[in-house]
Every structure is written in structure tokens, then in C-alpha cells.
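Q: Handing you a structure now.
Since every read-out is calculated from the coordinates, none of them should be taken as a lab result. This is a predicted model, so every value here is computed, not measured. Note: ideal-geometry Cβ built from the backbone for every residue, glycine included; neighbour counts use all protein chains shown.
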């Protein structure tokens, strides 16, 4: 090697060492100046959040913006864990009926990220006969984290013909399917059964016991109605879930479905308070017409809050009073819930209800599922099938981050403003310790 070659080699080597000495930026995303609400970790103040390799890397009062590849300006906004909606219907397709592989259900990603939702639980659209199709065409095709309450009915939520057939309700087969797919199935669902018998409920409870998973119940109608006191305080275990909690008839009629608030006194019934105190979960499941102000308003005013806020999202509800998670979160604020309680009922509480404590929080090392909201002030209206109320605040989704990737960005608050690219594979749930 001559002197000229030695000089070129030395020059190139010095450039190589210089490049190696320049360490890459330590974070993929730094969220600056937002008001962080993380109920699990009792955070409710202005802080910065740093994200690295799909995980929350740091939360601190001040993180240098230059340390992030992308910087999100969240000043004046609220930064929360990604929302968890535990009552949706996402078994979208054309070959089935009702909400099972049918057009009335929705494809996940188009209706989650614009609402700040990063995790959903399908509330019984697939049953033990149809779950593997659901897994193939919904769970495995979605960037949204999709989990499921497995319907005790084999076909799933395929309409009255199936949902009222007790022979379709098989505890053993439902439990076997749940054990086969523990990363996807978080419990069991009973819905829409009409008739005065506890047999469907008992079969649901047996599946829950066999698989050691919670159940979620949406009563149909009965004449006279099946008493909720028996469901909550005899049938249910702590951790079992009653959805459409603020629905019911809302009247003194003995037929149909019982309500949790006595409309003659405007008070939550004592056995309901007893049930919540012993660990029974009360979920909103707002739906197209599964919420009444004559139930919700007196309950909230008395301090009886839902454990979890959920949508019952499908084509009917999204175009009706419900709309999306931020809308019903805002509605509950209009009825008197404080913002931190609303966030808790939309993040950390549902994570615990589905036994996924790794979700619904911004702990260092957690998956970087983050929602950023503006809390608008003004004159807003919210309605249900029994009336309407006014509110002074409305939550609006500014940004959603799923697994460390910006997947929704309303007002271009990230610099540089990079368009998201779809991941090649769905993120896997970490193995249990």
C-alpha cells in the first residue's frame, strides 16, 4: 500500500470513527408540554413523555426535545394512555347476520384511532364456533389491539334464532376455545336472550369458572323481568361485568329489563351499591339506545360512577346518540364526572377488568399506546333516547399513538410530520411473568 492509499484509508477511517461517535437520538418520539393523566401511576400534571422502540421510555418534567426523532407539541392538551373500549362489534363481513360476520359490525382501524382508542374487546360477536374465523379476518388483520369476549352461543351474535337457542350455549366448548387462545379471549358474553330462565346465565357462569375468566351480561327481556339483585349478588363473582348498566326500562314496569336506579326515588337501588362494593363491574355499553338519562344522571349525581365507559360500537350506534368514545366521555363529564375519573374509566379500569394490567397506563416499559386530546370549551349538546343535556366541554382526539407509532394526527402537531407506515405484523402480547 503506497502513501497515497494510506492517506485515503486514514481519512476514511477517521470519518467512520466520527460517524460512530455520533450516537443516534435516544427516543423515537418526545411528547412535550402536555397535561398527563395516568390514573394507575397517580399522575395528573404537566409532564413530557418519551417513546423508544414501541415502549414508554421516560416520563419527566422536562425531556430535551432534541433527543426525539419526532417531537409532538402537546401544550394545552391532555395526554393519556390509549383508550380501551371493552364493548364493540367488529366482526365485519358479508356472509353472516346481525353482528356476526355482517355489515352492521365495523372494521377496527377506521373507527378506533380517530377516537384515541388503541385496544378494543369485541363483546360477543364471535362464538365458540366462529371465533377462529374472527381471529383470521379481524384480530390478525388489525393494527388495533383486538380482544374478545366469546359468546356462549356457538354462532355468536347472529340474531335471535341463535341467541335464543339454549342448545347453542355450550359451557365446555366455549371454555376450551378460550383456553386455546388465551392471548385473544378475555371472557364470555351472554346477550339478547328473551325468556324467564336462568339457564343461559348458568351456562355462561360455568364457562367462566372452567376458564377462570370474567363474564359480561346483556340481559334480553323477560316477563316478569329476571331480578338484577339475583344476577349481581347470587350469580356474579367479583370481577363479572354488567353492561348497558344505565339502560333498562327506566320505569316501574315489571316486564323487560330491570333498571339500577329506582325512578320513583331517583336513587341507585341499595343492592346495586352492595354489588359494586363487592367487586361487580358496571359497564356503560352506550349503544344505539342502551343508555337513559333517567338512569345515568341521578347515579352520577349520587357518586355512583361506572367502572368502565364503553361504546357498544356498530353502524347503528356510531350514527346515533353514541358516536364514539370521546363523545360519551364528554357526556359523562356533562353529567358530573370529573375528567380524571372519566379517563380512569376509559383506560386503567377496563385494563384490570379484562386482566390485562400491562395495558391502560404509561408506566416506563409499557407499550406506547397513547392518546392526546384537546378539551374544547363551549356550548355542546348530548342526547339519548329519553332526552338531552347541555355540556360545557368536549374531548376531541388530536393524536393517537399505537405501539410507538403515530397512527392518527388531526392537526399536524408532530415535527417532522411523517406519514405512518403500517407494521408488517400485529404486535404480540408479552409473555406472562
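Q: Report the equivalent ellipsoid semi-axes for the range 204-348 in whole Å, largest first, defined as the square roots of five times the eigenvalues of the gyration tensor built from alpha carbon atoms.
A: 22, 18, 16
Q: Please list the radius of gyration and Dmax for the chain, considering alpha-carbon atoms only, with Å as the unit.
A: 24.0, 101
Q: Where Rh denotes the Kirkwood radius from the mean inverse Cα pair distance, what is Rg over Rh for the range 204-250?
A: Result for the range 204-250 is an Rg/Rh of 0.98.
Q: Is the range 282-352 best put as rounded, prolate or oblate by its Cα gyration tensor, with a ≥ b ≥ c the root eigenvalues, rounded for a/c under 1.5, and otherwise prolate when a/b is larger than b/c, oblate when not?
A: oblate
Q: How do 317-325, 51-59 rank on mean C-beta neighbours within 10 Å, highest first?
A: 317-325, 51-59
Q: What percent do you get for the relative contact order of the range 82-353 when only Cα pairs under 8 Å and 6+ apart count?
A: RCO, the range 82-353: 16 percent.
Q: Please arrange 66, 341 by how many other C-beta atoms lie within 10 Å of their C-beta, fewest to most.
A: 66, 341
Q: Turning to a different aspect of this structure: Post the alpha-carbon centroid distance, the range 361-412 to the range 248-294, in whole angstrom.
A: 27
Q: Starting from 0.36 nm per residue, how many nanometres of slack lie between residue 393 and residue 179 once their C-alpha separation is accounted for?
A: Here the segment from residue 393 to residue 179 would lengthen by 72.7 nm.
Q: Using a 10 Å cut-off on Cβ atoms, rank the peptides 151-157, 289-295 from the highest mean neighbour count down.
A: 151-157, 289-295
Q: Which whole-number percent is the relative contact order of the range 320-425 (Cα, under 8 Å, 6+ apart)?
A: Here the relative contact order equals 24 percent.
Q: Sort out for me the Cα centre separation of the range 22-75 from the range 115-190, rounded to whole Å.
A: 36
Q: Given 10 °C and 1.306 mPa s, compute D for the range 278-433 with the Stokes-Einstein relation, Rh being the Kirkwood radius over Cα pairs; round to the nearest whole µm²/s.
A: Taking Rh from Cα pairs, D becomes 92 µm²/s.
Q: Taking the C-alpha atoms of the range 366-408, how large are the radius of gyration and the largest Cα-Cα span, Dmax, in Å?
A: That works out to 14.8, 41 Å for Rg and Dmax.
Q: Now for a different question. Within the range 290-334, which residues have the backbone N less than 19 Å from the label spot 7 Å out from residue 262 along Cα→beta-carbon, could you tell me?
A: Taking a point 7 Å out along Cα→Cβ of residue 262, the residues of the range 290-334 whose backbone N falls under 19 Å are 294-305.
Q: Going by average Cβ density within 10 Å per residue, which order do the peptides 205-214, 237-246, 176-185 take, highest to lowest?
A: Put in order of decreasing packing, that is 237-246, 205-214, 176-185.
Q: Still on this structure, please answer the following. Per residue of the chain, what 222 nm ellipticity follows from adding -39500 (n - 2.57) for every DSSP H run with n ≥ 4, rounded to the nearest 500?
A: -6000 deg cm²/dmol
Q: Could you pull the Cα extents of the range 32-123 along its three principal axes, largest to smallest, in whole Å?
A: Here the spans come out as 53, 28, 23 Å, largest first.
Q: By how many degrees, between 0 and 90 and to the nearest 10, does the Cα long axis of helix 3-21 differ from the longest principal axis of the chain?
A: Approximately 30 degrees, to the nearest ten.
Q: Under 10 Å, Cα contacts only: if you run a Gaussian network model on the chain, which one of 87, 35, 314 comes out with the highest mean-square fluctuation?
A: 35
Q: What ranking do 339, 359 get, fewest neighbouring Cβ atoms within 10 angstrom at the top?
A: Fewest to most other Cβ atoms nearby, the residues stand as 339, 359.
Q: At a Förster distance of 56 Å, what's the computed FRET efficiency of residue 340 paired with residue 165, Cβ-Cβ distance as r, to 0.05?
A: E between residue 340 and residue 165, to the nearest 0.05, is 0.80.
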